[in-house]
Amino acid sequence: MAGVAEAEPTSAFSHLNSRLPEDTVFYAIFPDFSIHNNGNEEDDELSNSSLRSLHLQILNTVNPYVSDYIWQHDPFNLSISSSRTSNCICSKEIPHLHGKTKYGDNLEDEWFVVFLLFEITRRIPSVSVRVWDTDGEFLLIEAAFSLPRWIKPDSSLNRVFIRQGELHIIPREKFPSNPSLSESLSFLSTVSEGARASDSVQMALKNRISGYPERARSNMHRVRVRVPVSVAQVLKHEPCLISLAVEGFYDRDIDSMKYAARMEKFLSGGTGEELVQISVRMSRAMYAQLLQQTFQAPKCYPMPPRTDASAYTEAELGMKITCGFEMMYQQRRSEGSELMGSTWDAFRESLERSGYFRGLLPGSKEYRQLLENAQEYYRNSSLFSRTSEMMNAPVRCIDELLALPHSDDDFRGLDLPPSDDDSWLYSGEEELTAALLEREKEMELYESKHKMKNKSKEQEEVGQSQFDDSGIGEIAKTMEEFVHKVSSYEGAEVPENRDSKAVDLDVDRFIRDMELAFGLEGQDRMADASGSEEGSSSDMDYDESEDESQPMDPAEHSKDKERNFMDSYSDALNEELKTTTLKTSFVRTSDQSSKNDEGPSNSTKEVDEDFTPIDVDVNLVKSFLDSFASQQGLPGPASNLLGLMGLQLPQDATKKK
């Protein structure tokens, strides 16, 4: 490839080459048959022949998509690189096809190239494609929210390829360190399915290039302009040269504007030359670059009066195109024959960095002598020949076209299509806002997932730490605090914060609700009625001086009702449990209570013998562990309660083995 990139043949795959031109996309196509090239003369000749055949096949594939497309700067192009001594930035050892396309302000050109590369690999399955720009692996940037966490700029070297119409990423499991290019290509040619990126990555890229090639055509804008006959002749036969004219106008400087002031090439008739009306097709970016810049017409340029608004608008746009053609033509002709341009500047800078000028002051006799030697060497180099040929190609094409017979009569009476609506130029804010909102949603979704993973990881670490520090006994203590803090008769409640105060419990209401549930309220009322008529044993304990007709204290009455309810509930519960095996499921204390022998009646002793004291804390922890184990790692009541208490049990490592 000609240009600055060749001046420093560092690997572009490292994406550290600061000399790579901006706003340019690079691509390389590696066929499977070139991977095992041994480098001998016979293999090189066979490889060159196969590459030429592949080149023609690719051109036939992309030609229907690019035949009528106007590129912003450079078209999609491919050249063969098969020599080990080549300065190709893609690879010096593996024969391949490579190219670059400068897209400038028209980002659609870059993604149109990406679409073409995906289409090439879909039509020709036996090739692997690399594509990058000055941002690096921009395909990974597009699918950043769907990539594995291990993929980073320094770990993606020689890992990202397009193959069989899909993105492939060489897995880290196969190559822990960055593989070489030949290793990656060999892996793809044998087990490409093992490197296929995830569906979410594929979907992100497909959404980005969806709509092509129709989207590329809709990015074109057609407009009527008034230009001199010479410009009309050039655009009639080579409409793609409009990109060079717009580039020359948009990137003008003081030196190039001197050419526009004289108009020696495209305005031979001077102010008396008549302008002709033509229809020009260009990209929307080109149209915006022409329309949005204020430029005073040269004195020698024939402009219609401002009273004719339509003709003046068309002539003003045509004047900018004509000036662009003039500046581009004269500048390229000068750079093609002299030591000017970016390639010579890059060559001279490389000499300065290498110490060729030995720190001499510019302008000194020794410095001028070394500079002349470098210029002579550059003129005789193949780089200068290729650069000169590239710069002079449009100049020769324009000279050949203007040498053909032509006149203004050739452009009169033509049925020209009307200019396209340019309202898109002023309504792009909505499209930009929609794109930004879509990106914000992707970022919010990614951040929410990331926060959930981090929170889960932190909880696991904190829970493990707390579990290791506090031990089994802490679960019982924390459970007791949890119940006292956030429990009521309605059940366990999740507090808004962990420092909430204790929940108030209305005991009287709780007793009344339980009496209603068990139908004991009527019995209690009957007992109160009989007691008021016949008296009770408790009445005998009252002081004789106390008036028997004095009503009972409400607090004492409430306590009496509570005792009656609890006795009835306890008797019913004991009777029910006698017929079950529940008592055998508890872990009991090793020592028997000495109070078993102090009961006033035999019935109490029998109950104590059947229900010996149990260790509440041990049973609580045992129940938690059994419940947690039955969840088998899934969410459940035990893990939920422990999470509310700020604890998390570790997984059973023995079951994972």
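The table for this structure:
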| quantity | calculated |
| --- | --- |
| Long pairs among LYS92/LYS152; LYS100/LYS365; LYS100/LYS236, criterion Cα-Cα beyond 31 Å | LYS100/LYS365 |
| Per-residue ³J(HN,Hα) for region 291-304, Karplus 6.51 cos²θ - 1.76 cosθ + 1.60, θ = phi - 60°, Hz, x for Gly and Pro | 6, 7, 9, 8, 8, 7, 5, x, 4, 7, 8, x, 10, x |
| Whole-Hz couplings from phi, Karplus 6.51/-1.76/1.60, listed for region 89-95; x for Gly and Pro | 7, 7, 6, 9, 10, 9, x |
| Net +/- balance of residues flanking VAL229 in space, Cβ distance below 14 Å, scoring K and R +1, D and E -1 | -1 |
| Using θ = phi - 60° and Karplus 6.51 cos²θ - 1.76 cosθ + 1.60, couplings along region 50-58 (whole Hz; Gly, Pro as x) | 5, 5, 5, 5, 5, 4, 5, 4, 5 |
| Net length gained if the chain between SER354 and ASP567 were fully extended (0.36 nm per residue, minus Cα distance) | 66.5 nm |
| Rg followed by Dmax, in Å, when region 101-206 is reduced to its Cα trace | 13.3, 40 |
| Estimated distance in nm for a label pair at ARG217 and ASP410, the labels positioned 7 Å out from Cα along Cα-to-Cβ | 2.8 |
| Cβ-based net charge around TYR27, under 10 Å, with every Lys or Arg adding one and every Asp or Glu removing one | +1 |
| For region 212-353, the Rg and Dmax computed from alpha carbons only, in angstrom | 16.7, 59 |
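All of the numbers you see were taken from the coordinates with simple rules; none came from a lab. Everything quoted here is computed from the prediction, not taken from an experiment. Methodologically, a virtual Cβ is constructed for each residue, glycine included, from the backbone with ideal geometry; neighbour enumeration extends over all protein chains shown.
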